[in-house]
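See structure below.
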Amino acid sequence: MALDTQRLRAETPGCRPELVHFNNAGASLMPRPVIEAVERHWTEEIMSGGYEAAERMAGQMQATYDVTARLVGGAPDEIAFFDNATRAWQAAFYAIGWKSGDQLITGQSEYNSNMIAFRHAEARLGIKVILAPDTPAGIVDVAALETLITDRTRLIAISHMPTNDGLINPAQEIGAVANRHGVPFLLDACQSVGQMPINAKALGCTMLSATGRKYLRGPRGTGFLWVDRASLHALQPHALDIQSAHWTDVDQFELAAGARRFELWERNVAAQLGLGAACRYALDIGLENIWAHISDLATQMRRMLTGLPDITVQDRGLEKSGIVTFFHETVPSETLVGALRERFGINTSVSNTQLTRRSLRARGVKTLVRASVHAYNTADEVERLGEALANLTAGKQPKTELNAGQNA
């Protein structure tokens with residue numbers, strides 16, 4: 001079934017003539033079913049009390065595990081919910097039970113938050129962080145990564161779609177290498193879940209973390225972790241409470257079954273129900289349909305940007321995502337992002353260049369403009385972005401005025 005973009009726009013209150021939202025890699029616009037799920041439960045809590053409302057919604061809460069598992073090709077008992085994807089990712093990362101001298105392998109374009117956690121663990125726990133090289137195309141070099149594995153390698157952790165650069169790392173090939181060597185594989189799928197079809201088992205993951213607010217179009221403050229049931233015995237949750245464990249005697253406890261041993265009891269019930277609605281909405285539309293539209297639109301955007309003077313598209317990779325990054329030779333990215341929003345109603349974001357971008361730093365480029373498309377975006381909106389950029393960079397206004405407009 002073909003994607004009905006006009007239907008998606010009609011079901012998305014934020015899609016309106018005065019706004020073009022190209023910041024989906026940051027937070028997408030929520031559709032009505034998600035908004036209504038959250039609002040219904042907030043009303044229930046207001047009118048009846050939080051505990052009472054949650055008790056009445058117990059069946060629908062269970063359904064969120066079912067639909068989230070279906071989204072990533074897993075089972076309901078392999079899903080744990082968190083208040084954000086960082087918590088989900090950290091629950092997986094720290095469950096390894098690190099010891100001094102252990103090694104982990106990651107990529108050159110790993111997400112900044114993850115890199116901070118790696119370096120923190122390196123300083124605090126004495127582990128060693130190894131960066132696998134990229135291929136000339138910019139993706140993780142799988143063959144080179146395999147040569148880095150030793151008997152001290154405890155984890156391979158990769159971002160499926162980095163926060164910028166537009167590339168898609170070869171997760172399935174990395175998963176095959178990890179499984180061949182018996183090394184756990186943690187995939188940060190924050191940008192890919194909701195954007196393209198995902199099957200965690202087919203990718204060879206041990207653990208997969210994702211967020212609700214990005215391409216899944218769920219509420220902020222939601223995230224989840226998928227954990228392969230067969231790997232649970234080798235993982236050690238770093239925090240336990242009455243959700244993740246059962247107090248069986250004064251001096252004894254028992255871990256909860258399945259991935260819920262990684263959860264904590266207190267949660268935003270309304271947001272979790274909204275996340276479930278977002279998963280259901282994406283599945284009803286069809287991830288294949290969503291992905292095809294995003295790919296076509298991102299290709300159009302890159303082609304359009306390449307035709308504008310003094311703008312360089314910075315995306316790498318063999319297969320590219322809906323995240324498009326670029327910079328202007330003389331106008332700072334921060335200035336462009338601010339002016340696009342204030343003057344033209346076009347949402348984009350500023351993205352920091354990655355650790356290995358020495359060529360950009362040599363040119364004085366420290367930030368990029370990130371424009372990320374979704375299924376409810378249109379070809380006309382891409383053209384509006386091109387017209388706005390041409391207007392802003394055509395010398396019609398001095399650069400100093402652009403900066404002044406951003407700070408107004």
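Some values worked out for this structure:
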quantity	calculated
Amide H within-cut-off set for Asp134, under 5 Å, with H built and near neighbours excluded	Asp141
Local electrostatic count, Ala27, Cβ distance below 11 Å [Lys/Arg +1, Asp/Glu -1]	+4
Estimated vicinal HN-Hα couplings, Hz - region 202-213 in sequence order (Karplus 6.51, -1.76, 1.60; Gly, Pro = x)	5, 6, x, 6, 8, 9, 9, 10, 8, 10, x, 7
Protection proxy ranking, peptides 227-236, 65-74, average beta carbon neighbours within 10 Å, highest first	65-74, 227-236
Length released on extending from Ala239 to Ala379, taking residue separation times 0.36 nm less the Cα-Cα span	45.7 nm
Rounded to 5, the percent of DSSP beta bridges in region 32-284 classed as antiparallel	45
Note, ³J(HN,Hα) from phi for region 377-390, Karplus 6.51, -1.76, 1.60, rounded to Hz, x at Gly and Pro	7, 10, 5, 4, 5, 4, 5, 4, 4, x, 5, 5, 5, 4
Gained length - Glu319 relative to Leu255, 0.36 nm times residue gap less alpha-carbon distance	18.9 nm
Sparse-neighbourhood loop sites, chymotrypsin sites (Phe, Trp or Tyr not before Pro) in region 154-246 - DSSP loop, at most 14 other Cβ within 10 angstrom	none
Extension gain, Glu387 back to Ala2 (0.36 nm per residue minus Cα-Cα distance, nm)	135.7 nm
Inter-label distance, nm, simple model (7 Å from Cα along the C-beta direction), Glu266/Ala144	4.6
Amide H contacts under 5 Å for His246, placed H, 5+ residues apart	Glu254, Leu255, Ala256
Extreme residue, positive dipole direction of region 281-355, given options Leu340, Thr299, Thr330 (C-beta unit charges)	Thr330
Tensor-based shape of region 285-353 (alpha-carbon gyration tensor, a/c under 1.5 rounded, otherwise prolate or oblate)	prolate
Over the chain: helical MRE at 222 nm, DSSP H runs n ≥ 4 each giving -39500 (n - 2.57), nearest 500	-12500 deg cm²/dmol
Interchain or long-range residues, amide H under 5 Å from Asp315's placed H	Thr325
Phi to ³J(HN,Hα) by Karplus 6.51 cos²θ - 1.76 cosθ + 1.60 over region 268-278, Hz, x for Gly, Pro	8, 4, 4, 5, 5, 5, x, 5, x, 5, 5
Burial ranking of peptide ranges 324-332, 97-105 (average Cβ count within 10 Å, highest at the top)	324-332, 97-105
Within the chain: Cβ-based charge dipole about Cα centre, in debye rounded to nearest 20 (Lys, Arg +1; Asp, Glu -1)	1020
Three principal axis lengths of the chain [C-alpha, angstrom, descending]	75, 56, 42
Among 78-87, 244-253, 289-298, the order from most to least packed when residues are scored by Cβ within 10 Å on average	78-87, 289-298, 244-253
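Bear in mind these aren't lab numbers, they're just calculated from the coordinates by the rules spelled out. As the structure is a computational prediction, the values presented were derived from the model and not from experiment. Positions of Cβ are backbone-derived with ideal geometry, glycine not excepted, and every protein chain shown enters the neighbour counts.
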